[in-house]
Every structure is written in structure tokens, then in C-alpha cells.
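These notes concern the structure reproduced below.
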Amino acid sequence: MIKRTLLKIQIIAFIASFLAIANVTVAQTVIKGKVLDKGTRQPLVGADVVVPGTHIGASTDTSGNFIFTTIGKVDSLNISFLGYKTITVKAGPSLTILLEPTSGSLQEAVVTALGIKTTAQRAPLPVTIVTHDMLIQQASSNVIDAIALQPGINEITTGPGISKPEINGLGFNRVLTLFDGERQEDFQWGDEHGILIDPYAVYNVEIIRGAASLQYGANAVAGVVSFKSAPLPDPGTIQGSVLTEYQTNNGMIGTSFDVAGNNKGFVWDIRGSQEEAHCYSDPKDGYVWGTAYNQDNIRALIGIDRDWGYSHLSFSSLHRQAEIADGNRDSATGKFEFDNPQSNGYGSPQYYSNANAPSPGLVGTLIPGTGQIYPTRANFFSYNPNISVYQVLDHDMVWWQNSINAGKGSIGADIGFTQSQRQEIDSGTIAAENMTVHDIPYSFKYQVAGDSSGLKFSGGVNGIYEFESNAPEPPAPYIGDFEIPNYTDFDIGGYAILEKDFKNLTLNGGLRYDYRGIMGQSMYLSNINTPSQTVVPEGTPGATQQFPGFDRTYTGLSASAGATYQLPEHNYVKINVAKSYRAPSISELTSNELDPANIYRQGDPNLKAESGYEADVAYGYNGRDVNFEVDGFANYINNFIFDNRISNAAGTGDSIHDGAPVYKYQAFDAVLAGISAYFNIHPADTRWFELDNGFTYTYSYFLHQGSSDSTLHVPWTPAPRLTSEAKFKLNDRHNSILRKTYFAFGLAKYWAQNDIYSALYNELPSAPYTLYNAGIGTNFVNRKTGRTICSFYVNCTNLTNLAYIDHTSRMQYFWEYNGTSQYSALPPTNYGKSSAVVTIPSEGIYNMGRNIGFKLLFPIGGHKVSDTEIKGIE
């Protein structure tokens, strides 16, 4: 850990030294002006003025003025501001630009995650945009938690440190996550692996709800979550921020420092972030053992922005250590227990012989009367997550992204390299499971952003080459846990997307063809599940086959056609039909391991690819005082893959392997359908009040099951949910040091979810509940200059400290006594009668209780246009 930190410091020092001596001298053209509200003629602060197809531009200051330099001739400028119509104007040396308000909605915001630059209102698929203000004004545990209450969005969690996105009832490998347009792969095929993205590095988010395989390929069957970093500074400026926050429930402490600059088109950005948390608490469990985590990240970017395009080189190194709660408790008191009793409470096990292993990674017989059995208060409040079962995740990334203007379009060429290492440690510091994944993603494309004809095009080739290797067997008495084999995976796909904008009509369509070749190596183990377990060559006498060798090829076609129409009086409609494709992941093909949830998961190398057929329709209204949108979808998926719990040969209970029930990946035809909607009130004449509401409902079923209730529904279908938030904004008074002050009150109501895959207790029903939230925020400003000194936010989640378990929390199933799963301990005649019921205390693990977050944000630098610079502007 110390060596890794020192390496990051050296990298920062090198980059900072390079930036300090860098200087670019070029001929410049000055473009300046001001942006005003068309009706009131008041200045608009923070409006973006950008040269189309480039990163060159500026944001307006507190007087609505902007100024920037560029090279060569500039014909036009794009001007955008939240709540106003985005326009394109003819460039000139001194401009006065008038923007027309639309509403308080986000419908005019530009989106890029669909492959073609368009607006949310003209996009054929439903689009959610989570702004920077929405992210900064809330308290969340991770980057997925921050977006999980948006309509149509949910999260599958394994405690506060591990979350994965779910769109329209589909998650895991069916939702593609991006950061600055590049695929975030690492370990996304696993359900207990979170998204390895620094939440402080995220400035805003675009979410595409619906089949989006055209540009991104197989893993976008359900949609895309596109995270974006902050825009680079205006030319001639250095700016950044310092953020610090604290959350009361788990003592989460987070800090992040960012500084970026732009010297005549030479751009750079450096960010360092760190967060740590001890175990969280809830009203039923008290403090939950095994939920501490910490994370640190270093990011850097260096590049050139010119009128011909841009070239950026990015680097990131992220380290995460997260405990995994398994629910191990004392059967008499319900108190949480150590999996492996400790001699000093910090990872020294008290067993060494080979008998009755209490965990897959370490075997032995407990020495009677020795070792610490229960976590102490000091253990619960420890910020060092290395006593419980825990993960160590390292994700290092280098990206080179390029865009060159070519005629009316641009050519993009991106290539990267990532290394992701995962270690699963049951006790001490030795990893029982230790694997490293390398990815080489690539993308080559040509885009025409659109001209006076309204025609837009995007086409290209992209994919990824991935190879993974397992570390050697750990030393005795630890036993290696091999989840997947060493493998290679090569993906490539070609696509073409065309869009045509008419006055009120937008047509969009495209095709894509994908190829995946995936090959896994065989593995044999001698003396399996003993301290002398060893990886041996095939044919070794007495060896057990852990993984068979395999070589599979998958191909698939994706297609989409959609239209939007702008009706009179601010109404609009959308329709889109799509065919999607997804090849099986490595875990679905080969898994053969005991999961932290005390289930034994097995893959199937004969699985076929999924094919999805989806229809999306939407109707919306984008008025002056009110805006709403209702989105409906229906998605038929052929060969839907999921891990199904397997019964024993007699059909009277579980199939048991290593004392745990067996889950095997299987495929059935499935249908998912539902509605997501928002309804927002923002009176133009009463700007101090906003009311935002969202609704999500998804229904799912397997076609082959007929009327069988126990196997009818797709697992992990989220419960119906209604969200509502009222925000009250204080008027900014002249010479006041407080600006943009607000108070917010909200709720999230979840209905019961009884539509579950309940056979063999594969899934459990969930009870209804309502969570209440409240928040306050303000900016402290300099009275003379109007510049923000700092921003302060307080946000309270679960205001009433309710005991609840979300339906998509994996920890509701983490209940075991003295290291033995309740399922394997039951005789067949009583099968399932003692399975975890989320409404009974001490069974399952509840979600976090009341949590109050405090956040301070200090801006650094920034460009303020002087009176001399704006002289002559009308």
C-alpha cells in the first residue's frame, strides 16, 4: 500500500513538472461576447459557448460575458444553457446572444451516449441526464448509488461499497458503463463486483434506457450509463476544486482535489481522491459486521485542443478495499461473529489442521477456548477493512483519445489499456482467490454532427481484446479458490447509425454486426480442498478437473429504428424498435466456485447468445411551468441467462456442493415490460419552488413456465417505486453572502415485490416501505466580485431511521450460523422453513439506517473577464 501511494505521488510530481515547463505559442483569434435571457435581458451565468465539433470554447462569467482564443477561421458557435434552447449562431469578433427559455426540464440538453449528438427530446430512446448539481447536492455511498433513484434505474447492492446499475429490470452484463465515452470493463461479469469509478471524478451522467447495442455492442442490451468528467477549463485559465464530506452513519470521510488548466489549447487535469468508511448501522442489526471500505484514486489528463480537433492522453489508478458481509452470527444471541476466531482481533487464525473448513479459503479445527469470537466496538469502528472477508481491487487505466475534423464530420480513434486485479481474502492477508484481467479496448469511427440539412451519421468499428490469468496456489494452510479459468476474449463489431432532423420530425436507425471469440484453458487440481491443493497438468493421477478447456464463437446482429415528433403546444412523442444481442460472459460459461453469499455457482459452456426484441414508446410535454414524460417498454429476450437454483435428484431440496446450495446458469425465454415516468412542476413566475416526481414499474415473466407462480418471474425484478422531492429556493438578496440557497424534502415509496422466482427459495419477497429525505444547501460568495467562496450541503437519507431491506440487496440472503448455511443444515422434510424472512429481526442483513451527509466544496481559480477585455461588447 505504501509503495503504491509513493508511486502515485511520483506520477503526480512528474506530470506537474511537465505542465510547469510546457508552453505553446501560436497565432490566436479572439472571440468574445455576452449571453442574455431573451425576455429579461439578464445575463446568463455559466452558459457554454463552444466551436462545433471541438472542445474549444468558454463559459460565461457573472456578467454573462465570455472570451476565448482559437486558431484559424471559426464559422459558427454552439450556445447551450440548462433550461434554455440550444442554438447555433454565426461567429463574430463581438456578439450579443439571446437565449430563449424552454422550461425547468432537461429536454434541450445535448446527449452523446447514443452515438449521434442529439438532444434528449429528439432522441428516440428515453434519456435521463443527471446534472452536476443533482450529484453534488446529495449524499451517496458510491457512483451507482448516486443515480439509483432516477426513473427506470435501480441498483443491485452487496453493501454500501458494492453496487451495480439496473435499467428496466436488467442488470449485470446487460448494462454497459462508460467513463468519458470509454468502456468500463474490469470485473463487470460478477455480481459481487462494484463499478470501479471514482465518484468524485464524475461531473454528470447520461443514462440511455433501452436497447443500445448499436454503438457499443453486446453488453448494452438494457442500456448505457455514461459517466462524464468535468469540462476542461476555458483557454488561458487554471481552475479546480477541493471537496470534503462526512457521513454520520458509517463515518464515511471523503476528500477530492482537482486542478486543470488550458494554455492556448494545451490542456491538462490532475485529480486525487480518497474515501473511507467503517461498518454501517441499521435499527435491526445494529452495526453490521463486514461493511467497511476504502478507496483512493489518482487521475490525470494531458492533451491538445485545436480547431482541427483534439488529442487527449488519460491515466487513472484506482485502489479499493471492501469488506463483504456474510451474515455469520451466533445462533443463540444473533450477534455477528468472526468467520475465523482471531487471536488478536486482526486476522491471525487459530486453526491449522485439515478438518471441517469454516471457509473456502482456509481450513482447520478451532483450538477450544482461544481466539476472539465476536467483533468489538473498536472492530466495528475500524477504518481498516481487513479483518472480515474482504476484496482488494486495483484498476489501472491508460487511454488515448483522438478526434480530427474531416470535412463536415470528424474521425475518432481511441485505444486504451487497463489492468484489473482482484483478490478475495477470507482471513489475514493471503488471497484465496487472486486474478488479473487485462483489457485493450479500441474504437475507430467517422461522425457527421449535422449541418443545415439536419443529416447526422456515425459509423465505425470497435471492440475489446481481453485476457485473464489466475495467480498460483497460495501457501498452506490457505486453499486457492478458482472462480473462472485463464481465458482470452476478442470482440469486434461494425456499425452504422443515421439520423435525419426535419422541422418537427426526427428519424433514426442503424445496424451492427458483432463477433466474439472466447477461449478458456482447462485446469486440474490435485488434493482438492486441502492445504496441499495444487494445480497440476491434465492426466495427473487422482486430479480433479476444475475447468474444462473450451473454445466458443458467437456472432450477432443488432438493429434499431426510431422516430420522434414534436407536436404543437410543447408536446412530443417517441417510438423505437430494436433488436439486441449479447454473448454469454465468462462467468456464465465457466463458473465453478463457492460465492460469499454461501451458494455454489456453476457455469454452462454450452449456453447460447441472448437475442432481445424491444419496443419503446414515450409521450411527453415540455411546457413553461410543467414538464412530464411517460415511457413504456416491452422486451422479449430469447435465451435469457440467469443463475437458477438446482434441486437434488429426489426433488425434495437443494443440490448441495461443499455444504452450499448449487446455482447453475441456465437460459429461458423471458419478457420484461414496464413504465417509467417523471412529472415536474417548476412555475416560471414562482421560481422559488420546484416539485419533481418519478415513477418506476417493471413486470417480468418466463414464457415457458405457464401459470407456475414459483418459477414465473425473472429474478432481481425491482419493486415498483415512486419518488417525490419538493425544493424551496430563497431569493438572492443584494449584497448577501448567501446565493442559491435551497431547502429540499423528499420521499421514496417502494411497494411490495411478490412477483419473484421463488422456487427452492431462489428469491424472497420484499415488504413495502417509505423512506424520507431532507436537504439544505447554499453558496457563500464574495460580495464584491460575486464569485463563490465555497458551497455547503447537508443531506439526510432515511430520515425516520426505518429498518428495511431493498428487494435488490443481495445481503438479504446473507444469513448463516456458525459458518453453516441454513439451507444445508435443514432436513429435506423441513426444507426452506427457516429461510431468511426480511421482516424478522436477525434474518438477512438490513439496509443502512439514518445517515446525515455534510459536504463542502471550494472552487479554485477560474477566469473572470475584465472590463478591458469586454470593451466594445454591445
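The values are calculated or read from the model by the stated rules, or taken from the named source; none is laboratory data. Just so it is clear, the model here is predicted, and its values are computed rather than measured. Note: ideal-geometry Cβ built from the backbone for every residue, glycine included; neighbour counts use all protein chains shown. Please note that ligands, DNA and RNA were not included when accessible areas were found on the heavy atoms of the full protein model with its side chains. Shrake-Rupley method; radii C 1.70, N 1.55, O 1.52, S 1.80 Å.
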Given region 379-476, what strands (runs of 3 or more DSSP E) lie entirely inside it while holding 2 or more residues that are among the aromatic types (Phe, Trp, Tyr) and farther than 30 Å from ILE56 by Cβ? 455-470
Residue match in region 618-634 (condition: in contact with a Phe, Trp or Tyr (Cβ under 6 Å, 6 or more places away or on another chain) and more than 30 Å from ALA684 (Cα to Cα)): no
Failed item, numbered, when ASN434 is tested on (1) under 27 Å from the mean Cα position of the chain (by Cα); (2) open to solvent by less than 10 Å² (accessible area, probe 1.4 Å); (3) not aliphatic (A, V, I, L, M): (2)
Based on this model, can you work out whether GLY520 counts as within 30 Å of SER403 (Cβ to Cβ) and either crowded, with 22+ Cβ neighbours inside 10 Å or touching a His at 6+ places or on another chain (Cβ under 9 Å) (or both)? no
Options TYR446, TYR465, TYR478: the member that is among the aromatic types (Phe, Trp, Tyr) and under 26 Å from the mean Cα position of the chain (by Cα): TYR465
Step by step: first the residues of region 765-811, then only those that are on the phi > 0 side of the Ramachandran plot and modelled with pLDDT of 90 or more, then the one that is surrounded by the most Cβ atoms within 10 Å (Cβ to Cβ). Which residue is that? ASN798
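In the set LEU135, LEU149, which member is of a type outside the set (Phe, Trp, Tyr), modelled with pLDDT of 80 or more, out of contact with any helix residue (DSSP H, G or I) (no Cβ under 6 Å at 6 or more places or on another chain) and assigned to a loop (DSSP other than H, G, I, E, B)?
Residue meeting the stated conditions: LEU149.
If you go through region 729-747, how many residues are among the small types (Gly, Ala, Ser) and more than 13 Å from PHE780 (Cα to Cα)?
Total satisfying the criteria: 2.
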I need the full set of residues from region 268-299 which are surrounded by fewer than 23 Cβ atoms within 10 Å (Cβ to Cβ) and among the aliphatic types (A, V, I, L, M), in order please. ILE270
Could you please tell me which pairs satisfy a Cβ distance under 7 Å, a separation of 6+ or placement on different chains, a first residue in region 780-795 that is touching a residue at least 60 places away in the same chain (Cβ under 8 Å), and a second residue that is open to solvent by less than 20 Å² (accessible area, probe 1.4 Å) and of a type in the set (Val, Ile, Thr)? ARG787/VAL781; THR788/VAL781; ILE789/VAL781; PHE792/THR778; TYR793/ILE136
Just one of PRO472, PRO531, PRO477, PRO485 is surrounded by fewer than 16 Cβ atoms within 10 Å (Cβ to Cβ), on the phi < 0 side of the Ramachandran plot and not hydrophobic (A, V, I, L, M, F, W, C); which is it? PRO472
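Only one of SER226, SER241, SER256 is among the polar types (S, T, N, Q), under 24 Å from ALA496 (Cβ atoms) and in contact with a strand residue (DSSP E or B) (Cβ under 6 Å, 6 or more places away or on another chain); which? First the steps, then the outcome.
On the way: SER241 fails: under 24 Å from ALA496 (Cβ atoms); SER256 fails: under 24 Å from ALA496 (Cβ atoms).
When all the criteria are applied, what remains is SER226.
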Being of a type in the set (A, V, I, L, M, F, W, C), out of contact with any Leu (no Cβ under 9 Å at 6 or more places or on another chain) and assigned to a strand (DSSP E or B) narrows it down to one of ILE575, ILE528, so name that one. ILE575
Restricting attention to region 710-767, which residues are touching a Pro at 6+ places or on another chain (Cβ under 7 Å) and in a strand (DSSP E or B)? TYR750, GLN753
Within region 849-872, does at least one residue satisfy the condition of being at pLDDT below 80, crowded, with 20+ Cβ neighbours inside 10 Å and either farther than 30 Å from ALA332 by Cα or not basic (Lys, Arg) (or both)? yes
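Can ASN527 be described as without any contact (Cβ under 8 Å) to a residue 60 or more places away in the chain and either farther than 30 Å from GLU593 by Cα or touching a strand residue (DSSP E or B) at 6+ places or on another chain (Cβ under 9 Å) (or both)?
yes
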Restricting to region 458-503, name every residue that is closer than 30 Å to ILE430 by Cα, of a type in the set (S, T, N, Q) and out of contact with any Ser or Thr (no Cβ under 9 Å at 6 or more places or on another chain). THR488
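Residue-by-condition table, conditions (1) open to solvent by 70 Å² or more (accessible area, probe 1.4 Å); (2) at pLDDT below 50; (3) in a helix (DSSP H, G or I):
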residue	(1), (2), (3)
LYS8	no, no, yes
VAL24	no, yes, no
ILE31	no, no, no
VAL35	no, no, no
ARG41	yes, no, no
VAL45	yes, no, no
PRO52	no, no, no
ILE67	no, no, no
In the set GLN423, GLN372, GLN401, GLN447, which member is open to solvent by less than 60 Å² (accessible area, probe 1.4 Å) and at pLDDT 95 or above? GLN401
